[in-house]
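These notes concern the structure reproduced below.
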Amino acid sequence: MRNFITTQNWSRSELQDVLDLASDLKNKPHQPLLKNKSVAMLFFNPSLRTKTSFELGISELSGTAIILQPGKDAWPIEFGDNIVMDGESEEHVKEVAQVLSSYCDCIAVRAFPKFQDWAIDRTDHVINSFAKYSSVPVVNMETIEHPCQELAHLLTLQEHYGDLQGKNYLLTWTYHPKPLNTAVANSSLLIASKFGMNVKLLCPSEQYHLDDRYINAAKDNCSMEGTAFDISYNIENGYSGADIVYAKSWGSLNLYGDTEKQIASNSQFKHFIVDSKKMGYTNNAVFSHCLPLRRNIKATDEVMDSDYCLAINEAANRKHVQKAMLSKIL
Amino acid sequence: MRNFITTQNWSRSELQDVLDLASDLKNKPHQPLLKNKSVAMLFFNPSLRTKTSFELGISELSGTAIILQPGKDAWPIEFGDNIVMDGESEEHVKEVAQVLSSYCDCIAVRAFPKFQDWAIDRTDHVINSFAKYSSVPVVNMETIEHPCQELAHLLTLQEHYGDLQGKNYLLTWTYHPKPLNTAVANSSLLIASKFGMNVKLLCPSEQYHLDDRYINAAKDNCSMEGTAFDISYNIENGYSGADIVYAKSWGSLNLYGDTEKQIASNSQFKHFIVDSKKMGYTNNAVFSHCLPLRRNIKATDEVMDSDYCLAINEAANRKHVQKAMLSKIL
Amino acid sequence: MRNFITTQNWSRSELQDVLDLASDLKNKPHQPLLKNKSVAMLFFNPSLRTKTSFELGISELSGTAIILQPGKDAWPIEFGDNIVMDGESEEHVKEVAQVLSSYCDCIAVRAFPKFQDWAIDRTDHVINSFAKYSSVPVVNMETIEHPCQELAHLLTLQEHYGDLQGKNYLLTWTYHPKPLNTAVANSSLLIASKFGMNVKLLCPSEQYHLDDRYINAAKDNCSMEGTAFDISYNIENGYSGADIVYAKSWGSLNLYGDTEKQIASNSQFKHFIVDSKKMGYTNNAVFSHCLPLRRNIKATDEVMDSDYCLAINEAANRKHVQKAMLSKIL
């Protein structure tokens, strides 16, 4: 039994197999690979692309998706062990995971961090609790990592460039009025480094470093692939020579839980917006973003509407890679 | 590629083809006409009949429906062009429409007006934005028109009367404690006039006229069909000679955005309720309403429970006409 | 046409037929018994197990489930007769039931009591109104009874014990910080007594008696089966000799509508928690609960994690019994 919670415990060749199957499914979308299989999809947070691409993708493979929103249409869930449950939660993840395992062949979970205490959020305890108590594979639909987005991102880049080995990959922080999740940024470092690219992280200051777990994993991946890992605080230097620009906004982990300070900090760096001047420093790079994206905040209309913007392609590829991944683990 | 946003750019014979296919599907509901096809259904507002009839109808044709509720389970969407998105919206319709077009074969939208400024609402910018940026057909599940209701209404009347040419059709305003959408009223004028009926609009005063766009379209349709179009403010005169009575409440466009004044205005006209005395003025007319309907407010129990009330039949026909329409455009 | 609103108007042998089909479906879950059939599922309250097990079960039988949440994604509904609908409700159950009957082959309803006036709630008017106006079978997904839970409970006990005739069955009240629905408790008495067990109700005091309708029905069932029905207020005496312990918390009907007093009353009886000391008084009993369950409030971790706890099995059996029941009535 294999979970898909992080790409870090999948090898590059295993992931490439998933991407190859995704290409195949892109050409032939309706195959009964999930016939008589079902997936319980638990959304603790909103979703457009993830819900649509999973639900439809499962249907295209003749499977059944069940959508659940704990705390909204289902009961609130407790995750702590040995707890006297006298608060708001009506049931324990231990029961939820076992019951859903009895009904379905897979449990997929979207659970964003709580944005109060990074020491807690970084344990990713919601999805890990499901993994602990489930008897069926557990799939990450975005927690503090977003491995499905990684696969879609990679497939899109491979469709554009072919082999990515040695390409120069930039992950740039970009402005957003709210302090957002680091998941896609963490995932960007993991997957770019795993697939043999020179990875550069551009952010406003050390305050915006990602968690060491992800910085170190990316460094390890790069060292294994013989590529470079760098961090830059200078925009021109950061964009210079890039073949790929991936943008994401996130809140400073150093100010985590203090939303007001995070907002004030972010607002100093509105100039990190991705625009055509910055793209001009690159090696004729492609640009992408995971969406949703606030136009003229994270990236300009000009960038979003350009030929080199692959964001729509990447979103479209979500369906194909998820179908492939589910077919592999089920 | 053909949208179904308004019946005005569909000819009478094209619409009749849809109605004929609907009759066919009513007799033989399970046909694989939408096999391997999918429809993204976006609900910005609540729904009972529309959701059930579309979702089930698509399933009966072997297709897949995906239900999305932007702002609830999906991200809030921006519709303006060239906007710096520093408000509540997390993504732009341009991305949403393109991404959903990449996943699905059709995008269906329910987006009621905002009830603040009719000059804005009358542009129907939500669904028109989807139509502008989508690469798949867009279907109206009620905005400021309700073309699917029109089809169901027509099929129901044709089932009762056969040919409708020259029938006397009354659309009467009726009371409701809140100022409601004009969509079904607008649609009623469009479809009754297009199918060759003499159309009369009965409302409490000029304050309750519908938008000129719809009045004029109905007049044009009637003039093309050689039938009459009239507006009446007198109840007995309005009902007199009618073969069909269709009722709908709406808020005065002249007081649009001032909910308190609209409510006060409406409350003067509680006597517009459809009752058996008024039905007695007619030519033994049938009665219908789009539902939901507040009993003993819009129409009496006696009318709703009468043999001449076709509201349930009309609601039931929603499924059949929508299946036919989707089969035509997909 | 047969509703499934209460097990009381189904005979023991009819119910056993359902259970036998459920066992069959458990071994062979994918059968086209509901091909071209659809079920409208109306949730007035949250659900995890019920939604998942019904929606997936219907899909496994090749049917289609439509999920509706009146008041959230659908319009609020009026249930009174001859009402001038000038309140919040936008439509009457008479229309909703008829319209859904026109679309679907079955209407399933979850409608908890309002917890204000037991004299009203005990009429179970929501589901009974649907039954009154529907032209298709109506299924209870929990109101003031929970017959689907009954079937799952019975199947689980039969899987463990085989024939249940003469077994000693204990329903014990247990603590919960909120005054909960009596539905599962009522159902527990009905089904245990119907299937030939000696039934004992253990509760803190006469204040916690269940409605006479259910006490008397259980007494009648027991008298028909030649078994005993007892009520106990003493924990040791209650557990003594039990083969089966079923636990449920509920609010005192004598304090119904006064939530503060109910909470205060409940809080006197925290010691009714199911723990291994109490289970030690039994005849090596199995334990079960309908879920959701607050750990260390209703039952201890030790009990929930024990070999004799059948709560997960019972939840898993929900899917199988519901598939069997739907196959029988459709």
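Points to keep in mind about this one:
- Rg/Rh for the range A:260-330, where both radii come from Cα atoms and Rh is the Kirkwood radius: 1.12
- Taking the convex hull of the alpha carbon positions in the range B:131-172 and averaging its projected area over all directions gives 4.6 nm².
- Straight-line cross-link reach from A:Lys219 at under 14 Å between alpha-carbon atoms covers these aspartates and glutamates, not counting any fewer than eight positions away in the same chain: A:Asp211, A:Asp230.
- Two tests apply to each whole DSSP H helix in chain A, Cα reach of 24 Å or more along its axis and mean Kyte-Doolittle hydropathy of at least -0.5, and the ones passing both are A:311-329.
- The range A:35-124, Rg to Rh (Cα coordinates; Rh as Kirkwood inverse mean 1/r): 1.00
- Unit Cα scatterers, Debye sum, the range C:1-154: log10 I(q)/I(0) for q = 0.09 Å⁻¹: -0.30
- Across peptide C:36-49, the mean count of Cβ atoms from other chains lying within 10 Å of each residue's own Cβ comes to 4.
- Per residue, the range C:149-315 exposes 34 Å² of accessible surface when a 1.4 Å probe is rolled over the protein heavy atoms with every protein chain present.
- The GluC sites (Glu not before Pro) of the range A:57-109 meeting both criteria, a DSSP state outside H, G, I, E and B (loop) and at most 11 other C-beta atoms within 10 angstrom of the site's C-beta, are A:Glu88.
- Copies compared at B:Ile83 - label distances in nm, ascending, label defined 7 Å from Cα in the Cβ direction: 3.8, 3.8
- Debye, to nearest 20: dipole size of the protein assembly as shown, +1 on Lys, Arg Cβ, -1 on Asp, Glu Cβ: 1080
- Spherically averaged projected area in nm², based on the convex hull that wraps the Cα atoms of the range B:177-330: 9.8
- 5 angstrom amide H check on C:Thr64, placed H, neighbours 5+ away: C:Lys37, C:Ser38, C:Val39
- Exercise: per-residue mean of other protein chain Cβ atoms within 10 Å, C:310-316: 4
- Label-point spacing for C:Ser232 across the identical copies (point 7 Å from Cα in the Cβ direction), in nm and ascending order: 7.7, 7.7.
- Cα-based convex hull, chain C, per residue volume (Å³, whole number): 127
- Mean-position separation - Cα centroids, the range B:260-299 and the range B:115-158, in angstrom: 25
- 1.4 Å probe, heavy atoms, protein only - residues of the range A:290-308 losing at least 10 Å² accessible area vs chain alone: A:Leu291, A:Pro292, A:Leu293, A:Arg294, A:Arg295, A:Asn296, A:Ile297, A:Asp301, A:Met304, A:Asp305
- In the assembly of identical copies, B:Lys35 has its label point, taken 7 Å from Cα in the direction of the beta carbon, separated from the corresponding points by 1.4, 1.4 nm (ascending, one decimal).
- About the centre of its Cα atoms, chain C shows a dipole size close to 560 debye [charges on the beta carbon of Lys, Arg (+1) and Asp, Glu (-1) only; nearest 20 debye].
- Under the Karplus curve 6.51 cos²θ - 1.76 cosθ + 1.60, θ = phi - 60°, whole-Hz ³J(HN,Hα) for the range C:231-247, x wherever Gly or Pro sits: 10, 10, 10, 10, 4, 4, 4, x, 6, 4, x, 5, 8, 9, 10, 10, 10
- Restricting the calculation to Cα atoms, the protein assembly as shown yields a radius of gyration followed by a Dmax of 30.5, 89 Å.
- The residues of the range A:19-119 expose, per residue, 35 Å² of accessible area to a 1.4 Å probe.
- Lysines whose Cα lies under 29 Å from that of A:Lys261, excluding same-chain neighbours fewer than 8 positions away: A:Lys114, A:Lys178, A:Lys200, A:Lys248, A:Lys270, A:Lys278, A:Lys298, B:Lys72
- Percent accessible area from carbon and sulfur atoms, the protein assembly as shown, protein chains only, probe 1.4 Å: 46
- Against the rule of thumb 2.2 N^0.38 Å, how large the Cα Rg of the range A:137-199 comes out: 1.19
- Chains A and B together bury roughly 2800 Å² of accessible area, counting both sides, with a 1.4 Å probe on protein heavy atoms only.
The values are calculated or read from the model by the stated rules, or taken from the named source; none is laboratory data. All figures in this text were calculated on a predicted structure; none of them were measured in a lab. When we count neighbours, we look across all protein chains shown, and the Cβ atoms used for this are built from the backbone with ideal geometry, even at glycine. Areas reflect the complete protein model, heavy atoms only, side chains present, ligands, DNA and RNA absent. Shrake-Rupley method; radii C 1.70, N 1.55, O 1.52, S 1.80 Å.
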